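Accompanying notes for the structure given below.
Coordinate-derived values only; no laboratory data. Fair warning: this is a prediction, and the values are worked out from it, not measured in the lab. Neighbour counts run over all protein chains shown; Cβ positions are idealised from the backbone, glycine included.
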Amino acid sequence: MATAFVPFALVGYALAAVAWWVARRLRDQPGRRWAHAVPVVALAGLVLHAAWLAPLYVGGHSSGHADLVVMTSNLRLGHADMTAVGRVAVAQGVDVLVLEEATASATASMVGLHGRFPYSAGQPAPGAFGTVVYSRWPLEDVTQLPVSKGGWKMRVHAPRPFWLVGVHTSQPLVDAPKWRQDHDVLNSALADLDGPVVAAGDFNATLDHRPMRDLLGLGFSDAARQANSGWQPTWPGAGDAAGALPFGLRLLTLDHVLVDKDYSAISTSTYEIPRSDHRALVARLAAR
């Protein structure tokens, strides 16, 4: 949990610098002397964390028309407003949609979108264990991965065919060993794929967690980071979802779209889905 909040250390170091300034004002008070070490630590921390976060905001990235638009949305045990999910998917011109915590009743609501997404794969399930993929193009070589809350790999027969992996890993605070095992399975599956690859879903991890860093080490890029989308947390989501923070505040980026060297992210954006505790994430990608 501490690792998930690493980016917030930037604020902590700034507060430490303020505390040092206050300590300096206490000229003759005990403890003033040791406080002189605080600005050194605070400045080092500010510089280090600013350097880590800078790629989220600055740098070059692709522009122009997207060759592929991918969306992922966690439905919170199937309770999410499926009308809102469909509305976002259509408005954003989504080509491939990955749904986590997809129940049978939730997927039944997708019937009205069969004209846009005539192909589907995966499997709905009660509670948090269903992961389903919808696509504008045929899905081939569909294989289930042994990921606890649902993982699937498939070949998307788009104009430029690519491999898609849709995933929802275990929650680390509930079962840390299972969470690590899920990510080991995911990392192994992605490492074995040849050709263009896109992975999308609820990874239950931020980019500071080791499993995500391992994925980046395989040559994958996080679309939001690559597109310089800035601070774009996806959890907690809508204010009317159980466990969400007031006023729609969000803390962590747990949902990701990862791309290999064959794609470059143009932009990413998140959207509130009523009755879900995650925001939907849409990534617009350009083929290289």
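Which of A238, A128, A191 ends up with the largest GNM mean-square fluctuation for the chain, with Cα atoms connected below 10 Å?
Sorting by GNM fluctuation, first place goes to A191.
Could you work out how far helix 38-53 tilts from the main Cα principal axis of the chain, as a 0 to 90 degree angle to the nearest 10?
20
Report the extension gain between L218 and S63 in nm, rounded to one decimal, defined as 0.36 nm multiplied by the number of residues separating them, less their alpha carbon distance.
Numbers: separation 155, 0.36 × 155 = 55.80 nm, distance 2.47 nm.
Gain on extension, L218 to S63, equals 53.3 nm.
Show me the ranking of peptides 92-100, 179-187 by mean Cβ neighbours inside 10 Å, starting with the highest.
Details: 92-100: 25.4, 179-187: 19.4.
Final packing ranking: 92-100, 179-187.
I need two numbers for the stretch 95-151: Rg to one decimal and Dmax as a whole number, Cα atoms only, in Å.
For the stretch 95-151, the Cα radius of gyration and maximum Cα-Cα distance read 11.0, 31 Å.
Let me have the 222 nm mean residue ellipticity of the chain computed from DSSP H runs of 4+ only, each contributing -39500 (n - 2.57), with the sum over all residues rounded to the nearest 500.
Details: 7 runs with 76 residues, N = 288.
It lands at -8000 deg cm²/dmol.
Working from the alpha-carbon coordinates of the chain, get Rg over Rh, Rh being the Kirkwood radius. Numbers along the way, then the final one.
Values: Rg = 20.8 Å, Rh = 19.9 Å.
Taking Rg over the Kirkwood Rh, I get 1.05.
Counting just the Cα atoms, what span does the stretch 56-127 cover along each of its three principal axes? Round to the nearest Å and put the largest first.
Largest to smallest, the principal-axis extents are 43, 27, 21 Å.
On C-alpha positions alone, give me the angle between the axis of helix 9-25 and the longest principal axis of the chain, in degrees, nearest 10.
Helix 9-25 sits at roughly 10 degrees to that axis.
With angles folded into 0 to 90 degrees, how steeply does helix 176-191 sit against the dominant principal axis of the chain? Use alpha carbons for both and round to 10.
It is inclined by approximately 60 degrees.
Suppose every Lys and Arg Cβ carries +1 and every Asp and Glu Cβ carries -1, with no other charges. What dipole size does the chain come out with about its Cα centre, to the nearest 20 debye? Walk me through the numbers before you get to the answer.
Details: 24 positive and 23 negative charges, 209 e Å.
So the dipole magnitude of the chain works out to roughly 1000 debye.
Using modelled backbone amide H atoms (1.01 Å from N, in-plane), which distant-in-sequence or interchain residues come within less than 5 Å of L252's amide H?
Sorted by chain and number, the residues that satisfy this are T234, W235.
Relative contact order of the stretch 68-287: what whole-number percent is it, with Cα pairs under 8 angstrom and at least 6 residues apart?
Working: 573 pairs, mean separation 46.3, N = 220.
Reported relative contact order: 21 percent.
What length, rounded to one decimal in nm, is gained on full extension from R87 through to L251, with 0.36 nm per residue of separation minus their alpha-carbon distance? Numbers along the way, then the final one.
Details: separation 164, 0.36 × 164 = 59.04 nm, distance 2.49 nm.
Net length gain for the segment: 56.6 nm.
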